[in-house]
């Protein structure tokens, strides 16, 4: 029995979602592995000192800012946070090493940014020979010291060729890097049953024949959705609000000319996405990848309020030709008009994207465990038997 530890935290929700997705696939495909989810915040603050001091969990402050759209200035705040992590590095390594000594994993996988130097050094110092892997849940790094830490003895799993190029620029050898075909998505996005779109739309009070936009800004929603709903009062929309009850109330209070279906938190996002013709949302790696997986062309935004680690994602949309990138939500009216005019061509481009990352990552982890046991180098770039078609290299 191999013990695989997946390290996550709840900042933004995407890191935990990726961990749960991997856990689900591994349970199905690797019955000889035991997967453990490790909440980094609980390991570093087991007594909840931050919560006792402030009345909130650390991630709650971040998530509340996302819900309110208060993302301006996050670049400067990120530098401050990274500086504090550097100052506390020795303490972080010590606490993490104590955890690994007690749990004794056979492989540690990080799905979080900023802490990977401490995570890598703690594993190497406490459990020599145990592989440490960082799986980027963003389409690109935001250097320095965000996802890719130079000079570390670890393996990097990248979801875009751009991230691979960043890893090589940081000094990582080809054998330390694997390229997957995209971001990790929940298995449900590959198992969607066929639905009666006309009946499902009618049940939501929508016109089955009218083009329908899916509006979603992550699990916390965003007040920007109110601006979008008002600007698109003459368009049919499904507004996905997540856990944001205040946003739900505001949207339901509007009286648009065309039907707007307002939906709160649901684990069945993929079913609602099947009812749409196009997607509107922030350039989050998860939401963009989910929309593309469900064959929806996307409209997203790139401006001063875009979080620094998500700015490449807008470029990815342009490079792949899967949608439109707007400078502001104020341009959403003309943007939707252009989207509907170009819908057939954009949809054809979206249908060329084949993301199998959630199934490829376990293959990479299996190879790393095997190579560690044989005291051989880790993977060459690419997924053995996966989308890249590359085979592992030997010394």
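Considering only 196, 234, 138, the mean-square fluctuation computed in a Gaussian network model of the chain, springs between alpha carbons under 10 angstrom, is largest for 196. Name the most mobile residue of 186, 371, 311, meaning the one with the largest mean-square fluctuation, in a Gaussian network model of the chain with Cα contacts below 10 Å. Greatest mean-square fluctuation among the candidates belongs to 371.
All C-alpha to C-alpha distances of the stretch 249-297, sorted into 5 Å bins beginning at zero, yield P(r) values of 4, 18, 24, 23, 18, 11, 1 percent in whole numbers. Spacing of the modelled spin labels on residue 162 and residue 210, each 7 Å from Cα toward Cβ, amounts to 3.5 nm.
Restricting the calculation to alpha carbons of the stretch 280-364 gives Rg and Dmax of 13.3, 44 angstrom.
When you restrict to C-alpha pairs under 8 Å that are six or more residues apart and normalise by the size of the chain, the relative contact order lands at 16 percent. Hey, how many Å between the Cα centroid of the stretch 214-241 and the Cα centroid of the stretch 329-347? Each part reduced to its Cα centre gives a spacing of 15 Å. Among 106, 207, sorting on how many other beta-carbon atoms sit within 10 Å of each Cβ, with the fewest leading, yields 207, 106. Neighbour counting of Cβ atoms within 10 Å sorts the residues 122, 202, fewest neighbours leading, into 202, 122.
Take every pair of alpha-carbon atoms less than 8 Å apart whose residues are at least six positions apart; their mean separation over the length of the stretch 196-343 yields a relative contact order of 22 percent.
Spin-label pair residue 328-residue 268: with each label point 7 Å from Cα along the Cα-Cβ axis, the two points sit 3.9 nm from one another.
Using a Gaussian network model of the chain with C-alpha springs under 10 Å, which one of 127, 156, 107 is most mobile by mean-square fluctuation? Evaluated over the chain, the most mobile residue of the options is 127. With the Kirkwood sum run over all distinct C-alpha pairs, the stretch 196-350 has a hydrodynamic radius of 15.3 Å.
Between residue 352 and residue 77, residue separation times 0.36 nm minus the direct Cα-Cα distance comes to 95.2 nm. An ellipsoid equivalent to the stretch 116-222, defined through the eigenvalues of its Cα gyration tensor, has semi-axes of 41, 15, 14 Å when rounded to whole angstrom and sorted largest first.
Computed from the coordinates by the stated procedures, all read-outs in this text should not be read as laboratory data. The model shown is predicted, which means the values in this text are computed figures rather than measured ones. In this analysis, Cβ positions are derived from the backbone assuming ideal geometry, glycine residues included, and neighbour counts consider all displayed protein chains.
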